[in-house]
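Here the structure is laid out as structure tokens; the discussion comes afterwards.
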Amino acid sequence: MHRGGRGFGGGGFGGRHGYNDDGGARRRRMFDSGELRLVLLKLIADEPRHGYDLIRQIEELTGGAYAPSPGVIYPTLTLLDDMGLIEAQQSEGAKKLFAITDAGRAEIETNAALAERLIARLTEIGEERQRTDSASVRRAMGNLKAVLMNRLGDRDLEEATLHEIVALIDEAAQKIERLS
């Protein structure tokens, strides 16, 4: 066990990203307790890094879907330093370059499987975003939403027209689902 009491464990990842057990949409934190510390430790073990480099690396892994704020990263780095798992080294300017210590290396070895799963999860988020987040699809969805809000807000909308709108949306969804 390292200084600081609790390890990097913590619950699993819960349900599928973005959905609760009932299939409904939900927001979840990107990291459970201790997971961000382990991700940062793993990235620093790969090579010494500045805090901003860590933010950029996580953002790159997730394809831009998530970038931790400096208000989360720097206190976590301070904690890792206090725990003796990393140490700040002098570098150019005011930036601190963080390197892993022997205790940090031992912590990574102990939690190697979890660290790899966390990095894989971030990479999977990035790959999923790449597959689903094209600008043209977002533009088309926004256009559809705007048109629907405009038409559905019309007080004189006849029931027959409403049924036509529903049928068109259902037809489009079916055609998209059948695309190979």
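The values are calculated or read from the model by the stated rules, or taken from the named source; none is laboratory data. Fair warning: this is a prediction, and the values are worked out from it, not measured in the lab. All Cβ positions, even for glycine, are placed from backbone atoms using ideal geometry, and neighbour counts span all protein chains on display. Side chains are part of the model used for accessible areas, which takes the heavy atoms of the whole protein and leaves out ligands, DNA and RNA. Shrake-Rupley method; radii C 1.70, N 1.55, O 1.52, S 1.80 Å.
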Exercise for review: Answer with yes or no whether Arg139 is under 19 Å from the mean Cα position of the chain (by Cα), surrounded by fewer than 11 Cβ atoms within 10 Å (Cβ to Cβ) and over 16 Å from Pro48 (Cα atoms).
Suggested key: no
Check your understanding: In this structure, is Glu164 within 20 Å of Glu59 (Cα to Cα) and either out of contact with any helix residue (DSSP H, G or I) (no Cβ under 8 Å at 6 or more places or on another chain) or open to solvent by 90 Å² or more (accessible area, probe 1.4 Å) (or both)?
Key -> no
Review point. Inside region 35-93, can you point out the residues that are among the aromatic types (Phe, Trp, Tyr) and over 25 Å from Thr132 (Cβ atoms)?
Key: Tyr52, Tyr74
**Study point:** Breaking point among (1) at pLDDT below 95; (2) in contact with a Ser or Thr (Cβ under 9 Å, 6 or more places away or on another chain); (3) of a type outside the set (Asp, Glu); (4) not in a helix (DSSP H, G or I), for Leu122
**Key:** (4)
Practice item. Looking only at region 129-144, decide whether some residue is acidic (Asp, Glu), out of contact with any helix residue (DSSP H, G or I) (no Cβ under 8 Å at 6 or more places or on another chain) and in a loop (DSSP other than H, G, I, E, B). Key: yes
Review point. If we keep just the residues of region 93-116 that are of a type in the set (A, V, I, L, M, F, W, C) and within 17 Å of Asp82 (Cβ to Cβ), which is surrounded by the most Cβ atoms within 10 Å (Cβ to Cβ)?
Key: Phe98
Revision key, fill the gap. Among Arg131, Arg155, the single one that is open to solvent by 60 Å² or more (accessible area, probe 1.4 Å) and farther than 30 Å from Val39 by Cβ is Arg155
Review point. Tell me, which residue of region 62-78 that is open to solvent by 50 Å² or more (accessible area, probe 1.4 Å) and modelled with pLDDT of 90 or more is farthest from the chain's Cα centre (by Cα)?
Key: Thr78
Check your understanding: Out of curiosity, is Ile86 touching a residue at least 12 places away in the same chain (Cβ under 8 Å) and either open to solvent by 50 Å² or more (accessible area, probe 1.4 Å) or touching a strand residue (DSSP E or B) at 6+ places or on another chain (Cβ under 6 Å) (or both)?
Key -> yes
Practice item. Would you mind telling me which numbered condition in (1) more than 30 Å from Ile58 (Cβ to Cβ); (2) surrounded by 11 or more Cβ atoms within 10 Å (Cβ to Cβ) Gln174 fails? Key: (2)
Point to revise | Selection status of Gly4, at pLDDT 50 or above, on the phi > 0 side of the Ramachandran plot and open to solvent by 40 Å² or more (accessible area, probe 1.4 Å) | key: no
